[in-house]
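So the structure is just underneath, and the comments pick up after that.
The values are calculated or read from the model by the stated rules, or taken from the named source; none is laboratory data. Remember, it's a predicted structure, so these values are computed and weren't measured experimentally. We place every Cβ from the backbone using ideal geometry, glycine too, and count neighbours over all the protein chains shown. With ligands, DNA and RNA removed, areas are computed over all heavy atoms of the protein, side chains included. Shrake-Rupley method; radii C 1.70, N 1.55, O 1.52, S 1.80 Å.
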Amino acid sequence: AGGPWSVEDILREGEEQDRVPLQKLQLLGESEELRGLLLNPHLRQLLLTIDQAEDKSSLMKKYMQEPLFVEFADCCLRIVEPPEKENILPE
């Protein structure tokens, strides 16, 4: 309690598909767009509140209604799971 945590503490058996490879996570730290978003003190406070909350799940549901948090989540997802290029005509 209160000590360091690991991925295994968060993911239960059968949730392996929710794991993001370390290489993809490192891309988050390299993103200028994400860094720009994290300069916003309101977003930083939202993230701290989630991190410190007992019931993270219900708080996440609430924050997914916040446009700023949705922008942050969308940015993270675009980095770790880039959208496939659709409707591209071959040359």
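Quick check on region 51-63: of everything there that is out of contact with any helix residue (DSSP H, G or I) (no Cβ under 9 Å at 6 or more places or on another chain) and outside any helix (DSSP H, G or I), which residue is least open to solvent (accessible area, probe 1.4 Å)?
Asp55
Name the residue, out of Leu28, Leu48, that is open to solvent by less than 70 Å² (accessible area, probe 1.4 Å) and part of a helix (DSSP H, G or I).
On inspection, the qualifying residue turns out to be Leu28.
Just to be sure I understand the filter: pairs with C-beta atoms under 9 Å, separated by 6 or more residues or on different chains, first member in region 33-57 and on the phi < 0 side of the Ramachandran plot, second member assigned to a helix (DSSP H, G or I) and open to solvent by 90 Å² or more (accessible area, probe 1.4 Å). Which pairs pass?
Final answer for the pair search is Glu33/Arg78; Leu37/Glu71; Leu38/Arg44; Leu43/Glu71.
State which residue pairs qualify: first residue touching a residue at least 24 places away in the same chain (Cβ under 8 Å) and inside region 65-80, second residue outside any helix (DSSP H, G or I) in any location, beta carbons under 7 Å apart, and separation of 6 or more residues or different chains.
Pairs that qualify, where the first residue is touching a residue at least 24 places away in the same chain (Cβ under 8 Å) and the partner is outside any helix (DSSP H, G or I), are Leu68/Asn40; Ile79/Ser31; Val80/Val20.
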